[in-house]
Amino acid sequence: MAEYAVELRNVWKRFPGPGNEVVTAVKDVSLKIADGEFFALLGPSGCGKTTSLRMIAGFELPSEGEIFLHGRPMGKTPPYQRSINTVFQSYALFPHMTIGENIAFGLQMKKIDKQETQRRVGEALEMVRLTGYERRKPQQLSARKCCCSTSRWAPST
């Protein structure tokens, strides 16, 4: 088993800016997140928090550096082949679905059986202290939560 669930090694992300300018969104970030560890990225607007999360999920590729999930280098691995579930801050939550249904959505798409899905939804809600809120709609919460799968949720390969 890998020592870390998520590891970033000297990750940079640059985007083309106006003219010939290059905008550096993430500059030489290295971090290690242990399996089961609760981790938060904090910082001012524009410091690279969202870009870093998008790279971990595979929605963006690093300009330099490497991202590992459970010890495996992700390289150009697409999002659907990573054991990461992302609940975006607001615009990507399904407003017609409950919090529990939103959390379960990715697991259902992976065809995880109903009992296991319910168990994992319960674990995720407990982890972020939202047990009892699973039947509420996203607009009924004052804050949004995010959870990533851990190795015990990852598909065996």
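The values are calculated or read from the model by the stated rules, or taken from the named source; none is laboratory data. The structure displayed is predicted, hence computed values, not measured ones. Cβ placement follows ideal geometry from the backbone for every residue including glycine, while neighbour counts extend to all protein chains displayed.
Which residues, counting only those in segment 4-27, are among the acidic types (Asp, Glu) and surrounded by 11 or more Cβ atoms within 10 Å (Cβ to Cβ)? Once the filter is applied, which keeps residues that are among the acidic types (Asp, Glu) and surrounded by 11 or more Cβ atoms within 10 Å (Cβ to Cβ), segment 4-27 yields only Glu7. The criterion of at least 3 residues that are assigned by TED's automatic domain parsing to the domain that holds Phe15, at pLDDT 90 or above and surrounded by fewer than 19 Cβ atoms within 10 Å (Cβ to Cβ) is met by the following helices (runs of 4 or more DSSP H) wholly inside segment 30-136: 49-57.
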